[in-house]
Structures are given as structure tokens and as C-alpha cells.
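The values are calculated or read from the model by the stated rules, or taken from the named source; none is laboratory data. Predicted model, so just to flag it, every value in this text is computed and none were measured. Every residue, glycine among them, receives a Cβ derived from its backbone with ideal geometry; neighbour counts consider all protein chains shown. For accessibility, only protein heavy atoms count, side chains too; no ligands or nucleic acids. Shrake-Rupley method; radii C 1.70, N 1.55, O 1.52, S 1.80 Å.
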Amino acid sequence: MSKLGFNFLEGKVFSRNILRWARAARRARQTDLSQLRRQRNKARLLKTHLDRLIHIADDRLALPMIGSTNFFKPHNADWAWRPELWRGPLPTPGYSAIANKSMLGREVTLFHDCEFSELTLRQLRNLREEDLAPYGLRLDVFQFDGSFLSLVIDLPDDGVIGLKRTHLLRMDAIVEMEKPLEIFTRLNIRHGPNTEQIVRELPLNEENIRIEFDLAYSNINEKRVERAWVDLIFEGPQMNQVVLRDLTFSRRPRAQL
């Protein structure tokens with residue numbers, strides 16, 4: 001039987017069952033008690049499965065849709081992007097005792113100089129009603145004997161091609177942490193043999209964070225821009241948990257003065 005034929009037959013059976021239960025409900029006050037008792041038992045069994053299905057469906061359908069690129073973008077943005085880690089499930093969702101230069105997915109790399117790694121990095125499913133990103137990233141730091149810890153996000157070619165000094169590059173993030181710590185963001189733009197760097201400190205007094213890099217104050221050679229990446233640098237991260245619920249980037253031409 002073809003799939004179309006099966007779906008048609010399934011629909012007919014479903015319709016007949018609905019009509020049968022609707023008829024039983026209408027006649028319930030006149031139905032013989034022994035038959036009514038049997039109907040009640042069947043209805044309770046059916047209701048158990050229906051309630052469970054509805055509960056799971058409501059839960060799953062309320063989550064941000066996997067692959068979603070839905071997020072606020074400036075009205076004149078010529079590029080906007082959410083990295084894959086925050087869009088969909090990764091083949092390997094995480095690591096414990098993570099080594100230096102370990103990648104989670106194709107775009108995110110963790111750098112550190114710990115002799116003994118007590119770090120875990122894991123992708124998690126966002127469950128909050130207000131979340132737009134389907135997934136988030138959790139970093140757990142226990143004892144930390146290193147001097148630096150950073151998360152590097154490689155920007156795609158679409159965000160680099162046509163990059164000019166007239167652009168504003170924006171990063172939006174939703175950050176949660178167990179206890180306060182300093183997080184710095186460093187934009188790196190490689191142009192020819194040189195790399196331009198612009199550093200901003202994240203304003204962690206707010207959960208929804210927005211920072212902008214004004215390339216007018218940079219010295220990039222627009223004709224030789226090759227690649228760009230962003231470092232998230234964690235200062236004093238020991239015995240802490242940081243969750244990046246969302247991370248998005250966009251760029252737009254700055255207003256001409």
C-alpha cells in the first residue's frame with residue numbers, strides 16, 4: 001500500500017473512531033450500565049495515552065525550533081548569523097577534562113593552558129519560554145591552574161567578505177553564571193600579514209548583552225581581509241559555571257556623518 005493510500009485509510013479509521021466516541025458520549029445517560037462501565041474503562045485507558053501525548057507534544061512544540069535563525073537584527077544589517085552550536089544538535093554534544101584546542105562542532109574552539117584540565121564543555125537544549133536559540137553552551141570550571149581560558153568562534157566567510165571600516169559589527173549574547181566573573185570579547189580580523197584586534201568587556205550586569213565593534217577606529221586593509229574570529233576570554237573562571245544561552249552576530253553600515 002502506498003503512503004498516500006495508508007494515510008487515507010488511517011484518516012478514515014480515525015474519523016470513524018471519533019464518530020463512535022461522540023455517539024457514545026451523546027447516549028451516555030441512556031446507555032445500559034454494564035455497557036457504560038465498559039465504555040468508561042476504555043475511555044480512561046484512551047485518556048491516559050492522549051494526556052501523555054498532549055503533555056509531551058506541548059513540551060516539545062514550545063521549545064525553540066531546531067535550526068532557528070530567528071533573532072533580532074538591525075533593520076539595515078547586511079549580514080546576520082547564529083553559530084551552528086546554538087542552532088542545532090552536534091554529533092558530539094560535549095567533553096569533560098577537555099584538552100587545549102578542542103573543538104565543539106566546526107566553529108567553536110576552547111583554548112587554555114591548564115596542566116590538569118578540570119573543564120567540561122557541553123551543548124544543552126534550551127527549555128525556557130523566552131529562548132529563541134534552540135541550543136545553548138555550558139562551560140563548567142572546577143579547579144583551574146592555568147593562566148588563560150578562552151572560547152573562540154570563527155566567523156563564516158559571509159561575515160568577512162565585503163567587510164569595511166564603515167561597518168559596525170555587533171554581538172548579542174545571553175549569559176548566565178553561578179557567580180560573577182569578568183568576560184572580555186576580542187574581535188580579530190586578519191588582513192594580509194597583520195591582525196587587527198578590538199577588545200570589549202561584556203556588561204555582565206544584564207543577562208541580555210549587546211556590544212558593538214566600530215571598525216572606523218581600526219586600521220584594517222579592506223582589500224586584504226582574509227578571516228575573522230571572536231575570542232571570549234574568561235578571567236578568574238575557577239569553580240564557576242557559565243551558560244551561553246544564545247550567541248549571535250550581525251553587521252551593518254555605520255551612519256555617515
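Some values worked out for this structure:
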item	result
For peptides 237-245, 195-203, sequence by mean Cβ density within 10 Å, most packed first	237-245, 195-203
Degrees, to the nearest 10: 33-61 long Cα axis against longest axis of the chain	10 degrees
The chain, accessible surface, carbon-and-sulfur percent (1.4 angstrom probe)	53 percent
Whether the stretch 37-162 is rounded, prolate or oblate, judged on the alpha carbon gyration tensor where a/c under 1.5 counts as rounded	oblate
Normalised alpha carbon radius of gyration of the chain [divisor 2.2 N^0.38 Å]	1.47
Per residue Cα convex hull volume in Å³ - calculated over the stretch 126-257	125 Å³
Dipole magnitude (debye, nearest 20) for the chain, charges at Cβ of Lys, Arg, Asp, Glu	2740 debye
Accessible solvent surface per residue of the chain, calculated while the other protein chains remain in place, 1.4 angstrom probe, Å²	62 Å²
Percentage relative contact order, the chain, counting C-alpha pairs under 8 Å, at least six apart	22 percent
Efficiency of FRET from Cβ geometry, ARG44 and PHE14, R₀ 22 Å, rounded to 0.05	0.65
Dipole magnitude of the stretch 105-196 about its Cα centre (Cβ charges: Lys, Arg +1; Asp, Glu -1), debye to nearest 20	380 debye
Added length on full extension, which subtracts the Cα-Cα distance from 0.36 nm per residue, ARG106 to LEU53	15.5 nm
Under-21-angstrom lysine pairs by C-alpha in the chain, whenever the two are 8 or more apart or on separate chains	5
Inter-part distance where the stretch 118-187 and the stretch 67-111 are each reduced to a Cα centre, Å	8 Å
